[in-house]
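The values are calculated or read from the model by the stated rules, or taken from the named source; none is laboratory data. Not measured: the values here are computed from a predicted model. All Cβ positions, even for glycine, are placed from backbone atoms using ideal geometry, and neighbour counts span all protein chains on display. Ligands, DNA and RNA are excluded from the accessible area calculation, which covers all protein heavy atoms including side chains. Shrake-Rupley method; radii C 1.70, N 1.55, O 1.52, S 1.80 Å.
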Amino acid sequence: RASLARVYVLIDARHGLKDVDFEVFKTLDRAAVSYQIVLTKADQVKASELEACRAKTAEVLAKHPAAFPEILATSSRSGAGMPELRAAMVRLLEERS
């Protein structure tokens, strides 16, 4: 869809990237659809584990042309990262208008 601004791909921070995620990335790359990773359940891992997951994910995304480089981390339980996610969505909409 031409009106699709970006796809947000949710990745569980407790488990990191899975094989199915790589298939999604390939599909979005082929379709030239911009996508951004959102690490979920960030409150359920240690800060060092979250940073390791973020670093590994960034390393993988560097090889994918349609991937937006900023990785967001969120927690629905604590609300952490939700304002940043909302702000990213608003910025994207403002850029398109």
Work out from phi, with θ = phi - 60° and the Karplus expression 6.51 cos²θ - 1.76 cosθ + 1.60, the ³J(HN,Hα) of each residue of segment 77-85, listed in order in whole Hz, and give x for Gly and Pro.
-> 5, 8, x, 4, x, 5, x, 5, 5
Taking all pairs of distinct alpha-carbon atoms in the chain, Kirkwood radius in angstrom | 13.9 Å
Over segment 1-50, calculate the relative contact order: mean separation of alpha carbon pairs under 8 Å at least 6 apart, over the residue count, as a percent.
-> 53 percent
Along segment 34-43, Karplus-curve 3J(HN,Hα) (6.51, -1.76, 1.60; θ = phi - 60°) to the nearest Hz, with x for Gly and Pro, reads 5, 9, 9, 8, 10, 7, 9, 6, 5, 6
How about segment 55-89: which trypsin sites (Lys or Arg not before Pro) there are in a DSSP loop, with at most 12 other Cβ atoms within 10 Å of their Cβ?
-> Lys63, Arg77
Calculated from DSSP helices alone, with each H run of at least 4 adding -39500 (n - 2.57) and the total divided by the residues of the chain, [θ]222 nm to the nearest 500 comes to -14000 deg cm²/dmol
Share of accessible surface on carbon and sulfur in the chain, whole %, 1.4 Å probe and ligands ignored, is 56 percent
Near the amide H of Ala73, under 5 Å away, which other amide H atoms are found, from residues 5 or more places off or on another chain, if H is placed in the peptide plane?
-> Leu39
Accessible area expressed per residue, segment 1-78, with surrounding protein chains retained (probe 1.4 Å, Å²) | 60 Å²
